[in-house]
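The next block holds one structure in the form of structure tokens; read it before the comments.
Values quoted throughout were computed directly from the atomic coordinates according to the rules given, and no laboratory measurement underlies them. What you see is a predicted model, and the numbers here were worked out from it, not measured in a lab. Positions of Cβ are backbone-derived with ideal geometry, glycine not excepted, and every protein chain shown enters the neighbour counts.
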Amino acid sequence: MSERIVRGSCHHDCPDTCVWDVTVSGGRAVRLRGNQTHPTTRGSLCPKVNRFLERVYHPDRLVTPLRRSGPKGNGSFVPVSWDDALDEIGSRLHERIASTGAESILQFSFDGTQGVIQKGVLADRFFNALGATDIGRHLCGVTAWLGASDVSGVPFGVDPEDLGLARLIILWGTNTYLTNRHLWPVLETAREAGATIVVIDPVRTSTADRADEFVQLRPGTDVALVLAMIHVLDREGQIDHDWIRSNTTGWADLASSARVMPPDTAATITGVPADRIEWLARVYATKRPAAIRTLVGPEHRQDGRNIMRAIAMLPAVTGAWQDPGGGLARSTQVYFETALNYPPPPDPPRRTFNMARLGEVLTNPNLDPAIGALFVHNSNPAVIVPDQNRVVDGLLRDDLFTVVIEQFMTDTARHADIVLPATTQIEHLDLGIAWGHLYLSLNQPAITPVGEALPNTEIFRRLAKVMGLVDPSLQVDDETLIRDLLNSDHPWLDGITFEYLTRHTWARLNIDAGTRPFVDTKPETDDGRLHLGPLRYTPGSESPAGNSDLAERFPFILMTRKQHVKFLNANYAQFQEHLPADGEPMVQIHPIDATPRRIATGDRVEVFNDRGRLTLAVDVTEDVLPGVVAIPFGWLHTHSPQGRAVNALTNPTVPDDDLGSAAFHDTLVDIALVSDQS
């Protein structure tokens, strides 16, 4: 049988958005490889995606609609036809709208796919037409966006490919080697040309092991470190005052904030020795171009927005933006959001809750109206949302009608009334954006859908008909949706058409290499300047420095790490072949803390606080600091005796304005040998 190669792009929530080649023989995908000519993929896929075809054809794949046949949460389902499933959904949603209004229906989705089309264009139109309640998709990325935008208005940054020009690269709270692996060759190229790579992180990561310098600070103390660096720069005359006068506002207030944070004071707060802070400040000011690379790692705290704002201030203070390759390299998604013709938000806006509050929202009968129907697509909230016990309590409600669109029986799908089978990336059309480079990509379907699986878009087209929604925009085909997104007059999209992408698969936005944000272009602030201003270190209210009474009961800071090379958030943990060698999540603890508790590697312990508890095996390691424990994120509920994962422990606190991430890393716990438990 003849073979053909179909080119597409990875959809995962990862900065790299790789382009891949799918070899198809006899209608079956037989091989998937990274495209050799794509500028960032360069023929290499990550260990997660190398086995993607096993996911497509996995025996546990959902390939038919399912209806619950047993108690909620026990995973008992029977196959039903699409017509029966959709009719039941339509009937139940109509009942809900008639009895308590459309706002009693909650849409919950996130980045299960980053493909713009399957992620939610038609889904959002459908729920907008109903007037359903929405969630603010703020668990990841929004806090970093807001913090950087407080300085620059719209938070553009250095093209990550330009980091090859830098001679100092600070990787701040990002495990690049593991979670952004296609950037690592760029950093190695820079190092070969004389660059120094510095990692700043509370945990020794695989990236820290490969860096030239590692600065390990106490969790959540980043603002104190930034202030001390600025203190040193100001004291030693390393501030570019001409740049500051011409391009910024608020320097006097920032300088006043920094002058009361000398390195000795910051050392007490951060755990980083004063002489090490002074070295970091000097090398940042003098080894140029100087770039800071950060993504979302530092944001998951009560003070996360301020941490990201502080980091974004550093290149504004030193004028690092003046050098090609210098400045701050963060998510590039803002470039695509600016260029593409995204649909406007609904008018009037829908009722919206921060997604981190899901447990509270589902269990609050006093909401007006209370949530009576939950529709989940592109997400697994039972795993990814904090305050997990309350989330599960909500999912177990007998009066909550739940629909989940999925590819596998996730912890969320197990609690559904109806589960609908979705296509994988090689079975549907989509448009790929990236948050780690500037290349737009077209994903073309390589095979017909497995079983009865359907693309998300087709599911919502059918649901619109069942619900009697007649707006023609709810029946638009996928190609037209892509054409509409590309139908923009923004110069970054000049020449990038559907026809071009069909022929070439990818295209770089029309942004010149070496472009200097906020130098070659103006900041999009009200005055066209970068905003500095007063800056203050504030510990989280669930941290040793912020709540000493709580820390007496729960003395350890909990970090929830992404550390598995074959996991991606909550994806792939259900596959035995993707599990780490130890086959279970482990809690990491420093020897200084383990020894007096008579805890050794391999022991079973309980990690607990007032929100929940987990029984886990122990890894005694110096990768974490004394007073810190770390548990990996992304494992399923079945991987602990309690039937829960690490988010059973994490802090669901969100900002008062409901904008931004939960304070996952501002979490206190205690740890004890299982034999010590009564």
Rounded if a/c under 1.5, otherwise prolate or oblate - segment 142-330, Cα gyration tensor axes
rounded
Given contacts defined as C-alpha pairs under 8 Å and at least six residues apart, what's the relative contact order of segment 207-300, whole-number percent?
37
Taking 0.36 nm per residue of separation between Ser69 and Thr338 and subtracting their Cα-Cα distance, the length gained on full extension comes to 92.2 nm
Bridge orientation stat for the chain from DSSP, antiparallel percent rounded to 5, came to 45
Three-way shape call for segment 449-492 based on the alpha-carbon gyration tensor, with the a/c threshold at 1.5
oblate
Return Thr113, Thr64 ranked ascending by Cβ neighbour count within 10 Å, so the fewest neighbours appear first.
Thr64, Thr113
How much length is gained if the chain between Thr515 and Leu659 is pulled fully straight, taking 0.36 nm per residue apart and subtracting their Cα-Cα distance, in nm to one decimal?
48.8 nm
Mean projected area (nm²) of the alpha-carbon convex hull when segment 36-109 is viewed from all directions
8.9
Using 0.36 nm per residue, how much length does the chain from Arg536 to Arg259 gain when fully extended, once their Cα-Cα distance is taken away?
98.6 nm
So for each of 265-277, 314-326, 490-502 I average, over its residues, the number of other beta carbons within 10 Å; can you give me the resulting order with the highest mean first?
314-326, 265-277, 490-502
With n ≥ 4 as the cut-off for DSSP H runs, can you work out [θ] at 222 nm for the chain, using -39500 (n - 2.57) per run divided by the number of residues, rounded to the nearest 500?
-7500 deg cm²/dmol
Restricting attention to the alpha-carbon atoms of segment 591-674, what are Rg (one decimal) and Dmax (integer), both in Å?
13.9, 44
How compact and how long is the chain, expressed as Rg and Dmax of its alpha-carbon atoms in Å?
24.9, 74
Kindly put Ser257, Ser488, Ser441 in sequence by how many other C-beta atoms sit within 10 Å of each C-beta, fewest to most.
Ser488, Ser257, Ser441
Computed on Cα atoms only, the convex hull of segment 105-172 has an orientation-averaged projected area in nm² of 6.8
Net charge near Gln107 (other residues with Cβ under 10 Å of its Cβ; Lys, Arg +1; Asp, Glu -1) is -1
Percent relative contact order for the chain, counting Cα pairs under 8 Å at least six residues apart, stands at 20
Spin-label model distance (nm) - Leu673 vs Arg235, 7 Å beyond Cα toward Cβ
4.6
Near Lys119, which lysines are there with a Cα under 22 Å away, not counting those fewer than 8 places off in the same chain?
Lys48, Lys465
Student exercise, segment 1-157 dipole from Lys, Arg, Asp, Glu Cβ charges, in Debye to nearest 20:
620
Report the charge-dipole magnitude of the chain in Debye, nearest 20, computed about the Cα centre from +1 at each Lys and Arg Cβ and -1 at each Asp and Glu Cβ.
980
Taking the highest mean first, how do the peptides 26-35, 405-414 order by number of other beta carbon atoms within 10 angstrom per residue?
405-414, 26-35
Packing-based ranking, highest mean first, of 466-474, 611-619 given that Cβ atoms within 10 Å are counted:
611-619, 466-474
When a/c reaches 1.5 or more, the comparison of a/b and b/c decides; with that in mind, is segment 176-279 rounded, prolate or oblate per its Cα gyration tensor?
oblate
So, relative contact order of segment 142-330 in percent, Cα under 8 Å, 6 or more apart, is 34
Excluding Ile170 itself, what net charge comes from residues whose Cβ is under 14 Å from its Cβ, given Lys and Arg +1 and Asp and Glu -1?
+4
